[in-house]
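Below is one structure, written out as structure tokens; comments come after it.
The values are calculated or read from the model by the stated rules, or taken from the named source; none is laboratory data. Because the structure is predicted, anything quoted here is derived from the model rather than measured. Every residue, glycine among them, receives a Cβ derived from its backbone with ideal geometry; neighbour counts consider all protein chains shown. To get the accessible areas, we keep the full protein, side chains included, count just its heavy atoms, and leave off ligands, DNA and RNA. Shrake-Rupley method; radii C 1.70, N 1.55, O 1.52, S 1.80 Å.
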Amino acid sequence: MVADGPAPGPAEWTFTAVRKVVPELGDEVLPPEIDQPFVPVVEWNISRVDRAAAVAAIEGSLDYVASGTSDTLVDLDRFLAGVKEPRTYVGYAAVQRLSVPLTAECPDGSTAKGKLSTWSDAETGVVVCATRYAKGEASAVALRAQADFCS
């Protein structure tokens, strides 16, 4: 199993879970803004590829996530459990999605071409809606979560 080279184009950040928390509301839990865990997908141009063996090879030799899911709303809610100050917060989980071209040699000697849709980085965090973060105080994805979900 080999990757055909670097992933095409820049990887893009995608939110997988977002929840706004307003402690002034007491125990009321607002519905999530986003609850869409990202699941990696491996696609092949032929059906003869042993999918379980391919996933194991990808994770064992290419250092990409090829199974499981990204952080979920349950994980994020555990992260937000300690938020109690009277401010509005946005908790977020995001993955940096990418697509990796693959080549595999089949036992019969044929070559299979494929693509792995996965993530290269993940971030979970909390931003305070009323805070103006100075340069370098918050990541780009945190600032995007604040801009997109605090209003």
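Here the accessible area of the chain is 52 percent carbon and sulfur, with a 1.4 angstrom probe and all protein chains present. When the charge dipole of the chain is built from unit charges on Cβ atoms (+1 for Lys and Arg, -1 for Asp and Glu) and taken about the Cα centre, the candidate among LEU76, ILE34, PHE149 whose Cα reaches farthest toward its positive end is PHE149.
In a fully extended conformation the segment linking ASP35 and THR103 would gain 21.2 nm over its present Cα-Cα distance, using 0.36 nm per residue. From helices alone, the chain scores -4500 deg cm²/dmol at 222 nm; the rule is -39500 (n - 2.57) for each run of n ≥ 4 DSSP H residues, then divide by the residue total. Note on the range 1-126: percent of Cα-Cα distances in each 10 Å bin, starting at 0 and stopping at the bin with the largest distance, equals 12, 35, 24, 16, 10, 3, 0.
Rounded to the nearest 10 degrees, the inclination of helix 140-149 to the longest alpha-carbon principal axis of the chain is 60 degrees.
Quick check for me: using +1 on Lys/Arg Cβ and -1 on Asp/Glu Cβ, what's the dipole size of the range 45-151 about its Cα centre, in debye to the nearest 20?
Numbers: 11 positive and 13 negative charges, 75 e Å.
Approximately 360 debye in magnitude.
How large is Rg over Rh for the range 84-151, taking Rg from the Cα atoms and Rh as the Kirkwood inverse mean of 1/r across Cα pairs? Reported Rg/Rh, Kirkwood definition of Rh: 1.31.
The residues of the range 77-144 have, on average, 55 Å² of accessible surface per residue, using a 1.4 Å probe with all protein chains present.
Only Cα pairs under 8 Å and 6+ residues apart enter the sum, and on that basis the relative contact order of the chain stands at 32 percent.
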